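Beneath this line is the structure, given in structure tokens, with notes to follow.
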Amino acid sequence: MPLLVWFLVPTVILMGVGVWFLSKSGTGTMQEGTDLALVSVNTPVPGTVEFTIPSRTHIVHGTSATDWVSNPPIGGQHWDRPADNGIYDQAPADEEIVHSMEHGYVWIAYKPDIGDDIKEELKKIVKSDDWKLILSPRDKNDSKIALVSWGRLLKMDEPNYDKIREFIKTYRNRGPEKTPN
């Protein structure tokens, strides 16, 4: 009997801790949420515009978001699957990238005709520090380069590579859902 007690008590305790941990770690991560507040920063990057997030609602994959307030979008409705980290030659759907930004990604979106030298410089920046970064062409941009994070947007018609690095450092991992990647 004592052997059974020594086995059952730790097992029940471990199961209880496991259930508690799993229920807590799921809260606010990987779930649709209603917290729309921006994560504050000590020193905003000059020229960056902050927006009120319209929603964090998942929509059916393949449908278009209807509540975006900026070009490119800084948040709002998005698909339930995020875009992967990295450098793209063809742009993923905005709805996938918005989900990635909810996880704290920074998106560098550029007009496809910006020139090979600028594209190569942007690729160097991303390759040198590629955690939670997406670089992609985007025809719909209304500026040559747009730096986008959850709730924030900085547009450039001439690249300022130091400011691009500063934007990444300041706003990366500032989305409402904390994920390792």
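The values are calculated or read from the model by the stated rules, or taken from the named source; none is laboratory data. These numbers were taken from a predicted model, which means no experiment stands behind them. Glycine also receives a Cβ, built like all others from the backbone with ideal geometry; neighbour counts cover every protein chain displayed.
In the stretch 93-137, the residue that is surrounded by the most Cβ atoms within 10 Å (Cβ to Cβ) out of those that are assigned to a loop (DSSP other than H, G, I, E, B) and over 17 Å from the mean Cα position of the chain (by Cα) is LYS111. From the list ASP89, ASP129, ASP113, ASP139, the one residue that fits, being in the same structural domain as LEU38 (by TED's automatic domain parsing), under 25 Å from ASN160 (Cβ atoms) and at pLDDT below 95, is ASP129. Close Cβ contacts (under 6 Å, 6 or more residues apart or on different chains) running from residues in the stretch 52-67 that are under 8 Å from GLU95 (Cβ atoms) and part of a loop (DSSP other than H, G, I, E, B) to residues that are of a type in the set (D, E, K, R) and modelled with pLDDT of 95 or more comprise ALA65/GLU95. Of all the numbered requirements in (1) closer than 18 Å to LEU38 by Cα; (2) touching a residue at least 12 places away in the same chain (Cβ under 8 Å), LYS169 misses one, and that requirement is (2). Screening SER149 with (1) among the small types (Gly, Ala, Ser); (2) modelled with pLDDT of 95 or more; (3) over 15 Å from the mean Cα position of the chain (by Cα) gives one miss only, at (3).
With the condition kept exactly as written, say whether any residue in the stretch 152-170 is buried (at least 22 other Cβ atoms within 10 Å of the Cβ) and touching a Lys or Arg at 6+ places or on another chain (Cβ under 7 Å). Taking every residue of the stretch 152-170 in turn, none turns out to be buried (at least 22 other Cβ atoms within 10 Å of the Cβ) and touching a Lys or Arg at 6+ places or on another chain (Cβ under 7 Å).
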